[in-house]
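First up is the structure itself, then whatever we jot down about it.
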Amino acid sequence: MLALLGLLAAACGLATAVAAPAWPVGALVALGAVYGASAVGWNGVYLAEVARRAPEGQVGAATGGTQFFTFFGALSGPPIFAALVWATGGYQWGFAAFAALPLAVGVRLLAAGRADVGAGARA
């Protein structure tokens with residue numbers, strides 16, 4: 001699920017990077033809705049997976065520890081995005097650059113999932 005959410009967020013980020021004022025309003029609204037759902041919808045799934053994989057008795061420490069990185073991204077992301085907008089004179093590169101992050105994670109998670117499935121088939 002996390003891989004699919006990452007790939008969906010990446011696709012929406014890239015679509016936003018190439019969106020144009022000539023696009024129908026309905027298409028832009030749909031893109032915004034799907035982008036918002038995929039870009040925000042991963043948190044609960046992520047924390048549930050962290051909790052599932054945490055060692056016995058360490059769920060609080062594991063989920064709390066991962067929140068440091070999540071909030072670091074929430075704190076550092078907007079100024080980095082703004083710097084990209086300032087440096088390039090538009091939003092396109094900011095959306096494209098930020099789409100690369102969930103794309104990379106989504107691809108990595110899919111590859112890891114396939115490796116897990118292959119290992120299970122060999123066992």
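Using beta carbons and a limit of 9 Å, which pairs, at least six apart or on different chains, have the first residue in the range 24-43 and under 29 Å from Phe71 (Cβ atoms) and the second one assigned to a loop (DSSP other than H, G, I, E, B)?
Leu31/Ala19; Leu31/Trp23; Trp42/Met1
Can you name the number of the only condition in (1) modelled with pLDDT under 95; (2) closer than 23 Å to Tyr46 by Cβ that Arg122 fails?
(2)
Can you tell me which of Gly113, Gly65, Gly60, Gly44 is more than 19 Å from the chain's Cα centre (by Cα) and loosely packed, with under 13 Cβ neighbours inside 10 Å?
One residue alone meets the criteria, Gly60.
It is to be established whether one or more residues within the range 68-76 are hydrophobic (A, V, I, L, M, F, W, C), closer than 24 Å to Gly13 by Cα and surrounded by 16 or more Cβ atoms within 10 Å (Cβ to Cβ).
Scanning the range 68-76 turns up no residue that is hydrophobic (A, V, I, L, M, F, W, C), closer than 24 Å to Gly13 by Cα and surrounded by 16 or more Cβ atoms within 10 Å (Cβ to Cβ).
Give the residue, chosen from Gly36, Gly60, that is more than 19 Å from Leu5 (Cα to Cα), at pLDDT below 95 and small (Gly, Ala, Ser).
Checking each option against the conditions leaves just Gly60.
Could you please tell me which pairs satisfy a Cβ distance under 6 Å, a separation of 6+ or placement on different chains, a first residue in the range 71-91 that is without any contact (Cβ under 8 Å) to a residue 12 or more places away in the chain and part of a helix (DSSP H, G or I), and a second residue that is surrounded by 13 or more Cβ atoms within 10 Å (Cβ to Cβ) and not hydrophobic (A, V, I, L, M, F, W, C)?
Val85/Tyr91; Val85/Gly94
The values are calculated or read from the model by the stated rules, or taken from the named source; none is laboratory data. All values reported here derive from a predicted model rather than from experimental measurement. Cβ: placed from backbone, ideal geometry, glycine included. Neighbour counts: every protein chain shown.
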